[in-house]
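Everything on this sheet refers to the single structure shown next.
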Amino acid sequence: MDNKEEIRQRIEDEILKTEMQVTEYRELCKPDEPDCAIGRVSRMDAINNRSVTEASLRKAEEKLNTLNIVLAKIDDDDFGKCLRCGNEIPLGRILIRPESMHCVNCDRRI
Ligand SMILES: [Zn+2]
């Protein structure tokens, strides 16, 4: 596959970015200090926000995991091919979403 270095660079950038997100989300998910001043409504808000943050954290962790797998496979012969149908994934798509190792068609069906 051509442009391997470009792709590697792109994936490494994305890994760094995602690692920072994970750290940030983990920070936000830390248990609150008990705070008597907080009202019932804002406590509900805090709980809602927390589940949103936890969902984002899980997503970011998953993405990071996938990116590492993709990076490890970059030297494989079949790198850049859709995991489902085996068609080549266009370079542009790999650069935009390196964590998705599926072509547009298969991605839609998953
Ligand atoms: Zn496919």
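Computed from the coordinates by the stated procedures, all read-outs in this text should not be read as laboratory data. Just so it is clear, the structure is predicted and the values come from calculations on it, not from any experiment. Reconstructed Cβ throughout: ideal geometry from the backbone, glycine too, with neighbour counts over all protein chains shown.
Rounded to the nearest 0.05, the FRET efficiency derived from the C-beta distance between ASN3 and ASN87 at R0 = 22 Å is 0.80.
From largest to smallest, the equivalent ellipsoid semi-axes obtained for the range 4-109 from the alpha-carbon gyration tensor read 38, 15, 9 Å. For the range 92-97, 3J(HN,Hα) computed residue by residue from phi via the Karplus equation (6.51, -1.76, 1.60; θ = phi - 60°) reads x, 5, 4, 5, 7, 10 Hz, glycine and proline entered as x. Estimated from helices alone, the mean residue ellipticity of the chain at 222 nm is -22000 deg cm²/dmol (sum of -39500 (n - 2.57) over DSSP H runs with n ≥ 4, per residue). Between the listed residues CYS103, ALA72, ALA55, the Cα displaced farthest toward the positive end of the dipole of the range 1-105, a dipole computed from Cβ unit charges relative to the Cα centre, is found at ALA55. Taking the C-alpha atoms only, the angle from helix 4-29 to the longest principal axis of the chain is near 10 degrees.
The mean sequence distance of close C-alpha pairs (under 8 Å, at least 6 residues apart), as a share of the length of the range 4-109, puts its relative contact order at 30 percent. How far is helix 40-72 tilted, in degrees, relative to the longest principal axis of the Cα atoms in the chain, given as a value from 0 to 90 rounded to the nearest 10? For 40-72 against the chain, the angle is about 20 degrees. Computed about its Cα centre, the charge dipole of the chain is approximately 540 debye, with only Lys, Arg, Asp and Glu carrying charge at their Cβ. LEU16 to ARG109: FRET efficiency via 1/(1 + (r/R0)^6), r the Cβ-Cβ distance, R0 30 Å, to the nearest 0.05? It comes to 0.45. In this structure, the amide hydrogen of LYS81, modeled 1.01 Å from its nitrogen in the peptide plane, lies closer than 5 angstrom to those of ILE89, counting only residues at least 5 positions away or on a different chain.
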